[in-house]
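The structure appears right after this line, and notes come after that.
The values are calculated or read from the model by the stated rules, or taken from the named source; none is laboratory data. Every value quoted in this text rests on a predicted model; they were computed, and no experiment measured them. All Cβ positions, even for glycine, are placed from backbone atoms using ideal geometry, and neighbour counts span all protein chains on display. We work out accessible area using only protein heavy atoms, side chains counted, and drop any ligands, DNA or RNA first. Shrake-Rupley method; radii C 1.70, N 1.55, O 1.52, S 1.80 Å.
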Amino acid sequence: MDVLDVLNLGEVSVYFSKMAMFPVFDLAYYIVSILYLKYEPGAVEVSRKSPVASWLCAMLYCFGSYILADIILGVCPIDYFQHNTHILLATAVWYLVFYCPLNLFYKCVAFLPIKLVLVALKEVVRARKIAAGVHHAHHAYHHGFFIMIITGYVKGSGVALISNFEQLLRGVWKPETNEILNMSFPTKASLYGAILFTLQEAHLLPVSKSTLICVFTLFMATSKVFMTATHSHGSPFALVESWVCHLLFGSALAASDDHHAPAPAAPAPAASPVKTKEELSEGTRKRKSKKAE
Amino acid sequence: MDVLDVLNLGEVSVYFSKMAMFPVFDLAYYIVSILYLKYEPGAVEVSRKSPVASWLCAMLYCFGSYILADIILGVCPIDYFQHNTHILLATAVWYLVFYCPLNLFYKCVAFLPIKLVLVALKEVVRARKIAAGVHHAHHAYHHGFFIMIITGYVKGSGVALISNFEQLLRGVWKPETNEILNMSFPTKASLYGAILFTLQEAHLLPVSKSTLICVFTLFMATSKVFMTATHSHGSPFALVESWVCHLLFGSALAASDDHHAPAPAAPAPAASPVKTKEELSEGTRKRKSKKAE
Amino acid sequence: MDVLDVLNLGEVSVYFSKMAMFPVFDLAYYIVSILYLKYEPGAVEVSRKSPVASWLCAMLYCFGSYILADIILGVCPIDYFQHNTHILLATAVWYLVFYCPLNLFYKCVAFLPIKLVLVALKEVVRARKIAAGVHHAHHAYHHGFFIMIITGYVKGSGVALISNFEQLLRGVWKPETNEILNMSFPTKASLYGAILFTLQEAHLLPVSKSTLICVFTLFMATSKVFMTATHSHGSPFALVESWVCHLLFGSALAASDDHHAPAPAAPAPAASPVKTKEELSEGTRKRKSKKAE
């Protein structure tokens, strides 16, 4: 039985999970995505030198999840490009973010309170995409649980999973890392979300889909808004993950309590260096994109 | 109403646009394409060391546009390889260009007057491919204007768009550039051609398709023959593009008139360094392929 | 008429060619494949740091041939992932090879006599995959001989053909070489096997398919067991290939007899340096994977 039904929230969640994403939520998704593209080092120079490459990158940022899911399911990868209105809207956002006189649009949407609202709206779209991806794969492969998880994961993570190739389009090549080797919080959350939605689709989770969408959206929106507001990139999963990985895969533990390691040179917990590195890169991104303006 | 009808050229253009491409035009396409492959630094060594890799590269040069368009539309990427005659013809050309005793075949087809004719014939095929690509996408997505443009573009540009991966097959990796970041003249022309053919397919251009094919072919053949004859790589679009990009995307202008930049160190117009670099590389290519013989 | 019928082996070969591959042979395939993954430098570190990346690599090693063939034929690349049992079995093998306490499982299966049996069983699966790939392509393209050869080749070679991208997933990038430029013995044998099975499917080879599967399996199993036992990587095709390539493609001959090259510095035959290099790398692999344990 539904947990939230007890709190009489069932109807709210059904209404919420049926709400149309276009245009408000999708617009927020495009704005935040292209904002992140502008943060990338070198993206502004590319937009001046080769507008076509910049536009393609922006489309990958906005529609990467559809493209990837279509590739994964073996259908036309640019199938989503038949929705001319969506493409034109994303193109307008790309133009305004990169070429607006006095950089006005960018300054508006990068203004923290506005950005926080947009980030929250973006996470609403992400949760929906994961649910839709899992549902779509379930429709094609009734018992293909792995296919459902992979499709939902890909729908939630989007361009992050092909960031190496998106960077290549801008002339940047960083083979030593990728989003699978070093998962960021949204990618991890998409993976866990995809697993949850797959369990729900397989009737192994005693909640309705609308409730799951609602709860997952709330969790994602809260986490991302908090992380954006505090410029933090630490993951709420860090502690649990650290222990599970240690037990299952023998990974080094965050805290050194069970190794009794006396070595003072490398006692850093597994989670915090990642956080520090990403905070640094966030700082660098900001500085670089400001210089570029 | 048709512009060329006034000049009584309508029937000629219809006849021209229905002419069979196989075998004469296709043969010219294969010869010129594989000639360009042989110009690539290292291609001759690869052909000696690994004939399979060399053959695959040659097939990518000849059929890259079909492979890419099939990928883009989500069908079997090697679908075109069912045409055994085409593959065998291209294989024969590849063999003759790379392994003919005394390099006789290469010397014949690289002889400037012959090469100019072949280059002109190749552009006939390119124009047809763009039109066919746009038409094919129009058939699948009636209002998918972006899909039509992308398909036509990909059909016209062919292997150039995946040159990074084609080079990787030969053990060469140049991530700092790609065909989208630095578009060559044929790639740009394919993009503009795809836009024109899409407008025509959407009945926004008051010309018949056969006329458009005819005019576009004439323009491409003339431009490429002129550029091949003069070893030039400057684009006829350079001036217009420079102004449009400056107005729309704030790109640096070719001429420095509106910045009143006093700096004498970097007054080079945007178009000419590209030209110079490509002329140089053309020279290098020639020298290297001569040494390799 | 069938050659083996004379020896009354016809029925045996039919029985052999109809034998179910799951679970015994498939299990051997997964074990040997993931063993090779563990030999790769850095694979053990990746398995500690990012189990998801390690699992994905393991899946590519086990199911790369299905994924590639599906891509080549334009169907859902993760279609095979609907077979949950196979995926779970491969996942269990991956877990045992990488995370088994005391490394017990790895030590068992890497023990030479056991490994030789597993290697032989793996080759049985490879021969079947090539035959199935050619047959599948023949079903879709009745006269697409090139498509049949490519599909069979891809089904036999599997992950080797995309090793560059599989390495990229683990943060390793070696663009200067790839499996097409420097074919290993199984890749070459898969190519020749695909050609043979295509000829058989086109009725140009006077043997039944079951006989061909039987003979090819015997050849592959014997060769691979011998090569694994002697740590050799020299190919049985080396001499014939060297002459054919010299005649057809002007490649340098293994023996220097027809060049009368007096230079004593580089008289090494073409086959032996490859062998030596690969023997070395085999040694390095072993040492590294032992250190990593």
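Out of curiosity, is residue B:14 open to solvent by 40 Å² or more (accessible area, probe 1.4 Å) and assigned to a helix (DSSP H, G or I)? In short, yes.
Residues in segment B:222-231 that are among the small types (Gly, Ala, Ser) and either open to solvent by 20 Å² or more (accessible area, probe 1.4 Å) or in the same structural domain as residue B:252 (by TED's automatic domain parsing) (or both): B:229 only. Residue count for segment A:237-253 under the criterion of being surrounded by fewer than 17 Cβ atoms within 10 Å (Cβ to Cβ), at pLDDT below 90 and more than 10 Å from every other protein chain (Cβ to nearest Cβ): the result is 0.
Considering segment A:195-221, the residues that are over 20 Å from residue A:16 (Cβ atoms) and open to solvent by less than 40 Å² (accessible area, probe 1.4 Å) include one that is modelled with the lowest pLDDT, namely A:202. Restricted to segment B:39-51, and to residues there that are over 26 Å from residue C:187 (Cα atoms) and of a type outside the set (Asp, Glu), the residue that is nearest to the other protein chains (Cβ to nearest Cβ) is B:41. Test residue B:169 against the stated conditions and say whether it is in contact with a Cys (Cβ under 6 Å, 6 or more places away or on another chain) and touching a residue at least 12 places away in the same chain (Cβ under 8 Å). Spelling it out, residue B:169 is indeed in contact with a Cys (Cβ under 6 Å, 6 or more places away or on another chain) and touching a residue at least 12 places away in the same chain (Cβ under 8 Å). One residue stands out in segment A:123-149 among those that are in a helix (DSSP H, G or I) and of a type in the set (Phe, Trp, Tyr): the one that is nearest to the other protein chains (Cβ to nearest Cβ), namely A:146. Being small (Gly, Ala, Ser), away from chain B (no Cβ under 14 Å) and buried (at least 18 other Cβ atoms within 10 Å of the Cβ) is a description that does not apply to residue C:234.
Could you go through segment C:113-129 and let me know if any residue there is more than 24 Å from residue B:86 (Cβ to Cβ), in contact with a Leu (Cβ under 7 Å, 6 or more places away or on another chain) and open to solvent by less than 40 Å² (accessible area, probe 1.4 Å). Let's see the steps before the verdict.
Within segment C:113-129, the subset more than 24 Å from residue B:86 (Cβ to Cβ) is C:113-129.
Subsequent filtering for residues that are in contact with a Leu (Cβ under 7 Å, 6 or more places away or on another chain) retains none.
No, there is no match, as no residue in segment C:113-129 is more than 24 Å from residue B:86 (Cβ to Cβ), in contact with a Leu (Cβ under 7 Å, 6 or more places away or on another chain) and open to solvent by less than 40 Å² (accessible area, probe 1.4 Å).
Tell me the residue from C:144, C:158 that is out of contact with any Pro (no Cβ under 6 Å at 6 or more places or on another chain), buried (at least 19 other Cβ atoms within 10 Å of the Cβ) and more than 30 Å from residue A:182 (Cα to Cα), please. Result: C:144 is the single residue among C:144, C:158 that is out of contact with any Pro (no Cβ under 6 Å at 6 or more places or on another chain), buried (at least 19 other Cβ atoms within 10 Å of the Cβ) and more than 30 Å from residue A:182 (Cα to Cα). Of the numbered criteria (1) touching a residue at least 40 places away in the same chain (Cβ under 8 Å); (2) open to solvent by 20 Å² or more (accessible area, probe 1.4 Å); (3) among the polar types (S, T, N, Q), the one residue A:151 fails is (2).
Regarding residue C:17, is this residue at pLDDT below 95, more than 21 Å from residue A:176 (Cβ to Cβ) and not hydrophobic (A, V, I, L, M, F, W, C)?
Values: at pLDDT below 95: yes; more than 21 Å from residue A:176 (Cβ to Cβ): yes; not hydrophobic (A, V, I, L, M, F, W, C): yes.
So residue C:17 passes the test.
Checked against (1) farther than 30 Å from residue A:239 by Cβ; (2) crowded, with 21+ Cβ neighbours inside 10 Å; (3) in contact with a Lys or Arg (Cβ under 8 Å, 6 or more places away or on another chain), residue A:167 passes all but a single condition, namely (2). Residue count for segment C:18-52 satisfying the condition of being under 14 Å from the mean Cα position of the chain (by Cα) and open to solvent by 20 Å² or more (accessible area, probe 1.4 Å): 1. If you go through segment B:66-96 and keep only what is at the interface with chain C (Cβ under 10 Å from one of its Cβ atoms), over 30 Å from residue A:81 (Cβ atoms) and touching a Pro at 6+ places or on another chain (Cβ under 7 Å), you end up with nothing.
Restricting attention to segment A:92-105, the residues that are open to solvent by 30 Å² or more (accessible area, probe 1.4 Å) and either among the polar types (S, T, N, Q) or farther than 30 Å from residue B:252 by Cβ (or both) add up to 0. Selection of segment B:165-190 for residues being within 14 Å of chain C (Cβ to nearest Cβ) and either part of a helix (DSSP H, G or I) or at positive phi (or both) yields B:165, B:166, B:167, B:168, B:169, B:171.
Any residue in segment B:53-64 that is more than 24 Å from residue B:119 (Cα to Cα), out of contact with any His (no Cβ under 9 Å at 6 or more places or on another chain) and buried (at least 17 other Cβ atoms within 10 Å of the Cβ)? Scanning segment B:53-64 turns up at least one residue that is more than 24 Å from residue B:119 (Cα to Cα), out of contact with any His (no Cβ under 9 Å at 6 or more places or on another chain) and buried (at least 17 other Cβ atoms within 10 Å of the Cβ).
In this structure, is residue A:23 within 9 Å of chain B (Cβ to nearest Cβ) and not small (Gly, Ala, Ser)?
Numbers: within 9 Å of chain B (Cβ to nearest Cβ): no; not small (Gly, Ala, Ser): yes.
It is false that residue A:23 is within 9 Å of chain B (Cβ to nearest Cβ) and not small (Gly, Ala, Ser).
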